[in-house]
Structures are given as C-alpha cells and as structure tokens.
Amino acid sequence: MADDSFTTFTLSIENAIAWVTFDYPPVNIQGLPMLADLNKLADRLEPDRDVKVVVFKSAHPEIFVAHADTNFLKDMSTTAVSRDQVELLDLQTTLERVSRLPQATIAQIEGFARGGGHEFALACDMRFAARGKARFMQMEVGMGILPCGGGASRMARQIGLGRALEIILSAEDFDADQAEAYGTINKALDADRIAAHVAALAERIARFPADLIQACKETVYASIDLPIADALKDEAYWLYQAMSKTPAQKRFQYADDNGAQFDMDNQRAWNDLVISIQDVT
C-alpha cells in the first residue's frame, strides 16, 4: 500500500514493514517540509500496531539525508540565554519522535549523511551503510555551532565520549568501514548487498509481536540512563507488559508439550525455531 501524501518522501507499507524513501530534490535537505513530514509520519505510526518495522532509505543515488537547512539558524538570536529559558529545537523534538517510535527503525544509508542527516541516522534504532557510497560527517564546529539534532547526545551514548568528540571536533568525513569500526553504524556492506540484508532483517523482525518490539526498545533505551538496579526493574516492568499482550505463555506451553526445551536438535536450530514458533498463537 503506497501513500504519496508526503512532500519529502514516499511511504509504502507491505507485510508489516513501512518503507520510507526520501525523495526531495535536489539533495534531500532537512528543512521544515521534511520535519513536517516526519511529524505527520509519527502521528500515523505511533498508534499503529500493524506496522512493526520502519526502513528509511533514499531515492537519491548519492544522498541519504543532507544536513539541516541553514535557515533554521540564520534567524536564531545571537544573545545567550540561561538554562531555564532554553527550549528544545524543532529538529531535536522531531528526531526524538523518530527515536521513540514503537516500531523498530532501520536506516539504509547509500549516500552522504552529514550534519543533520547523520543525526537522523543516529536517531534510528539500527544503521547499515553501503561501502563506496556512504559518507558521514558532523561539520557544525567549522560553522561555529555544534550538533543540534541530538547528535552529540546520541553519539556519546553509542560510541563513548572520546570517539564522539573526535568525530565532532575534527569535522572530518568518514566512510562506512570507519563508521562500523567507530560503532556509529551496525554494519558496513557492499553496495550490491545492502538492500537484501536490510530487507531480510526487516522481514525477520516483522514476524515478532508489535508489543514485544516496543517493550524491547523501551528496555534497551532506558538502560542507557538508569542505574543498573533501576534498569533491571524497568526490564521486569516491560516483561510484564509484553506477557500481557503476546502469546508467550502459549508458546512456552507448546515448547514444553513438544519436549523442545530438552531437545538437542532444537538447541542447534534456535535461529529457525524462533521464527517457526511465531505460528503458535
């Protein structure tokens, strides 16, 4: 099912996967129209329990998502304000909505993702990049500002303080293999393999219950900021939420009835078993 009601990307939903393809010539600039579209997309997806995975990619052969539109900042006050007067920027609040979607979100990066485009990718749950095509950069320091779409905050949480500061303060390009080594992406893939890899991963995740996907996301994200005792309690909380909405008990009973727990063949076949047992509802 295709939806062309957006200005900066197209949306197609099939088999519980939403495919969002950025297509905003000439360079997929991250301006107010794109933020408006992303908020409209969030309005649609936040209550949707049928869509389980969202894949973001680009129709542009060289660009994933470009930097944030400089018009965001040209009219910004040059007078410093106190902390109690600060309000979040539109870019920050929009990318936080992307990050908090209940679906699993995947960025399929086959071109430049610099500045705000890189920050958009960091707001997704998972990122895969094409060798020879993807390039990343946080150039803000050279412009006299700092990453202001959650880039500094999310990057430090994902890859550590030193590496995040290296990327931000050097303002240098880095490629897919470097990004994998840094930890800013999950995996670098050859350009002819990335689409199949992302599709297979999205299809696998889409087999699992929607409420369970959300519970896993909530637990993992909470663990970043909480002390271990609180994180474990949050983990238990989301377990109960998932158990109340998924057929977990029926699947455990099925496994017991069929001796699966103590079957050595099943121990060797868990990769396929977790998919086949999805039919037990």
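The values are calculated or read from the model by the stated rules, or taken from the named source; none is laboratory data. Keep in mind the model is a prediction, meaning the values are calculated, not measured. FYI the Cβ positions are ideal-geometry reconstructions off the backbone, even for glycines, and counts take in every protein chain you see. Protein only, heavy atoms only, side chains kept; ligands, DNA and RNA dropped before computing areas. Shrake-Rupley method; radii C 1.70, N 1.55, O 1.52, S 1.80 Å.
Here's the yes/no breakdown for (1) of a type in the set (Lys, Arg); (2) surrounded by fewer than 13 Cβ atoms within 10 Å (Cβ to Cβ); (3) under 22 Å from Lys187 (Cα atoms); (4) in contact with an Asp or Glu (Cβ under 9 Å, 6 or more places away or on another chain):
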position	(1), (2), (3), (4)
Ile213	no, no, yes, no
Ser223	no, no, no, yes
Ala229	no, yes, no, no
Trp238	no, no, no, yes
*Go through region 109-127 and give me each residue that's open to solvent by less than 10 Å² (accessible area, probe 1.4 Å) and part of a strand (DSSP E or B).*
Ile109, Ala113
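Looking at Asp69, Asp84, which is the one that is modelled with pLDDT of 80 or more, within 16 Å of Asn28 (Cβ to Cβ) and surrounded by fewer than 23 Cβ atoms within 10 Å (Cβ to Cβ)?
Numbers: Asp84 fails: within 16 Å of Asn28 (Cβ to Cβ).
Every option except Asp69 fails the conditions.
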*Tally, over region 200-230, of residues that are hydrophobic (A, V, I, L, M, F, W, C) and in contact with a strand residue (DSSP E or B) (Cβ under 8 Å, 6 or more places away or on another chain)*: 5
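Of all residues in region 13-24, how many are open to solvent by 20 Å² or more (accessible area, probe 1.4 Å) and either charged (D, E, K, R) or closer than 22 Å to Asp90 by Cα (or both)? Write out each step before concluding.
Going through region 13-24, the residues open to solvent by 20 Å² or more (accessible area, probe 1.4 Å) turn out to be 13-16, 19, 21, 23-24.
Those left that are additionally either charged (D, E, K, R) or closer than 22 Å to Asp90 by Cα (or both): 14, 21, 23-24.
Here the count works out to 4.
Listed residues Ala123, Ala66, Ala36; which is farther than 27 Å from Ile224 by Cβ and without any contact (Cβ under 8 Å) to a residue 40 or more places away in the chain?
On the way: Ala123 fails: farther than 27 Å from Ile224 by Cβ; Ala66 fails: without any contact (Cβ under 8 Å) to a residue 40 or more places away in the chain.
Answer to the check: Ala36.
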*Would a scan of region 33-52 turn up a residue that is open to solvent by less than 30 Å² (accessible area, probe 1.4 Å) and assigned to a strand (DSSP E or B)?*
no
*Checking Ala59 against (1) surrounded by fewer than 18 Cβ atoms within 10 Å (Cβ to Cβ); (2) out of contact with any Ser or Thr (no Cβ under 7 Å at 6 or more places or on another chain), which test does it fail?*
(2)
*Note down all Cβ pairs under 6 Å where the first residue falls in region 224-238 and is without any contact (Cβ under 8 Å) to a residue 60 or more places away in the chain, the second is assigned to a helix (DSSP H, G or I), and they're at least six residues apart or on different chains.*
Ala231/Ser223; Asp234/Ala222; Glu235/Thr219; Trp238/Ala215; Trp238/Glu218; Trp238/Thr219
*Those residues that are without any contact (Cβ under 8 Å) to a residue 60 or more places away in the chain and out of contact with any strand residue (DSSP E or B) (no Cβ under 7 Å at 6 or more places or on another chain), I need them from region 183-198; list them, please.*
Gly183, Asp192, Arg193, Ala196
*Tell me, yes or no, whether region 246-263 has at least one residue that is without any contact (Cβ under 8 Å) to a residue 24 or more places away in the chain and hydroxyl-bearing (Ser, Thr, Tyr).*
no
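Of everything in region 240-250 that's of a type in the set (Ser, Thr, Tyr) and part of a helix (DSSP H, G or I), which residue is most open to solvent (accessible area, probe 1.4 Å)?
Just the residues of region 240-250 that are of a type in the set (Ser, Thr, Tyr), to begin with: 240, 244, 246.
Those still in the list that are part of a helix (DSSP H, G or I) too: 240, 244.
Values: Tyr240: 160, Ser244: 86 Å².
Across region 240-250, the extreme among qualifying residues is Tyr240.
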_Within region 128-159, take every residue that is within 21 Å of Thr70 (Cβ to Cβ) and assigned to a strand (DSSP E or B) and give me the one that is least open to solvent (accessible area, probe 1.4 Å)._
Phe136
*Looking at this structure, is Thr219 open to solvent by less than 30 Å² (accessible area, probe 1.4 Å) and either of a type in the set (Val, Ile, Thr) or under 26 Å from Ala113 (Cβ atoms) (or both)?*
yes
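Keeping to region 207-239, report how many residues are of a type in the set (Phe, Trp, Tyr), assigned to a helix (DSSP H, G or I) and either under 16 Å from Val54 (Cα atoms) or modelled with pLDDT of 90 or more (or both). Working first, answer last.
As a first pass, look at region 207-239 and keep what is of a type in the set (Phe, Trp, Tyr): 208, 221, 237-238.
Filter once more, keeping what is assigned to a helix (DSSP H, G or I): 221, 237-238.
Still in the list and also either under 16 Å from Val54 (Cα atoms) or modelled with pLDDT of 90 or more (or both): 221.
Going through region 207-239 one residue at a time, the tally reaches 1.
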